[in-house]
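Following: one structure in structure tokens, then a few remarks.
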Amino acid sequence: MVLNLTAGMGGDMVFGSPEAPLPLNEKGTDMGGATNRMEHVRQCLPEICTLDCGTMNFAEADYVMTNTPGMLRAMGGMMTALGVKPEIEAFDTGHLWFAKQLVEEKVLNPDALVQLCMGVPWGAPDDLNTFMAMVNNVPSTWNWSAFSIGRNQMAYAAAAVLAGGNVRVGLEDNLWLDKGVLATNAQLVERAASIVTNLGARILGPEEVRKKLNLTKRAPIAQTLA
């Protein structure tokens, strides 16, 4: 098991109505500064930490997932300084473009890890042409994986393998094992693993993953404090 957290908390902005967007709607808005958004990462020191590499409209009418260039430079630099691997989440090609800029500026290390997020309204749609445009924009020295949400989760597990990448599945992206059958994380992982192996690829163990991604192995924080 590789420890992973997200720095996404503290980036939600909910505006008022289209005719009166300000002041912000306090219900749902939790926008905080970079240090505040990174505090749980500093305390827990996971092996990987999500860095959503851009701002986007996120499904609801007046909700914006907010990650400004300045905010991303600050949080990405903190992750690098802490020795926590950023998992860049790219919801569109522009997010990849900025992630490459962060590497060029040495905010992030050159052996970057990126997650291609498909089918999340209103980011990159999960058609294969868009998916391959994303894949073709990933630098050859980076590691990448991809996913889609809902009923397309397993289809994109296969697509990621066929395109030469890695796989992400889990309840964050899809609740169902089959129509009308709620899943567990273990069941989704088992199904994805069978897809991977049936396509002729193999599943890496935790130590192989750490070596491939150049991760620093850390015990869960509760064990560290015990």
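The values are calculated or read from the model by the stated rules, or taken from the named source; none is laboratory data. The structure displayed is predicted, hence computed values, not measured ones. Positions of Cβ are generated from backbone atoms using ideal geometry, with glycine treated the same way; all protein chains shown enter the neighbour counts.
Conditions (1) closer than 21 Å to Met71 by Cβ; (2) modelled with pLDDT under 95, marked per residue:
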residue	(1), (2)
Leu96	yes, no
Ala99	yes, no
Lys106	yes, no
Ala112	yes, no
Pro121	no, yes
Met134	no, no
Val138	no, no
Trp144	no, no
Gln153	no, no
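Can you find a residue in region 183-200 that is basic (Lys, Arg) and at pLDDT below 95? There is no residue in region 183-200 that is basic (Lys, Arg) and at pLDDT below 95.
Only one entry of Met79, Met9, Met31, Met13 meets the criterion of being hydrophobic (A, V, I, L, M, F, W, C), assigned to a helix (DSSP H, G or I) and in contact (Cβ under 8 Å) with a residue 12 or more places away in the chain, and that entry is Met79.
Modelled with pLDDT of 90 or more, within 18 Å of Gln115 (Cβ to Cβ) and touching a helix residue (DSSP H, G or I) at 6+ places or on another chain (Cβ under 7 Å), is that true of Pro86? It is true that Pro86 is modelled with pLDDT of 90 or more, within 18 Å of Gln115 (Cβ to Cβ) and touching a helix residue (DSSP H, G or I) at 6+ places or on another chain (Cβ under 7 Å). Inspect region 179-190 for any residue being closer than 23 Å to Glu89 by Cβ, free of Cβ contacts under 8 Å to residues at least 40 places away in the same chain and loosely packed, with under 13 Cβ neighbours inside 10 Å and give the result as yes or no. Looking for residues that are closer than 23 Å to Glu89 by Cβ, free of Cβ contacts under 8 Å to residues at least 40 places away in the same chain and loosely packed, with under 13 Cβ neighbours inside 10 Å, one finds at least one in region 179-190, hence yes. Residues in region 120-163 that are touching an Asp or Glu at 6+ places or on another chain (Cβ under 8 Å) and polar (S, T, N, Q): Thr141, Asn143, Ser148, Asn152, Gln153.
Counting the residues of region 40-58 that are part of a strand (DSSP E or B) and either at pLDDT below 90 or farther than 18 Å from Leu82 by Cβ (or both) gives 2. Within region 85-134, the residues that satisfy the criterion of being assigned to a loop (DSSP other than H, G, I, E, B) and within 14 Å of the chain's Cα centre (by Cα) are Phe91, Asp92, Ala112, Gly119, Val120, Gly123, Ala124. Of all residues in region 199-214, those satisfying the criterion of being assigned to a helix (DSSP H, G or I) and either in contact with a strand residue (DSSP E or B) (Cβ under 7 Å, 6 or more places away or on another chain) or under 14 Å from Val167 (Cα atoms) (or both) are Val209, Lys212, Leu213. Applying a threshold of 9 Å to beta carbon distances and a minimum spacing of six or more residues, or different chains, the list of pairs starting in region 193-221 at a residue that is within 16 Å of Ala159 (Cβ to Cβ) and touching a residue at least 24 places away in the same chain (Cβ under 8 Å) and ending at one that is in a loop (DSSP other than H, G, I, E, B) and basic (Lys, Arg) reads Val196/Arg202. Look at (1) part of a loop (DSSP other than H, G, I, E, B); (2) in contact with a strand residue (DSSP E or B) (Cβ under 8 Å, 6 or more places away or on another chain); (3) among the aliphatic types (A, V, I, L, M) and you find that Ala61 fails only one, number (2).
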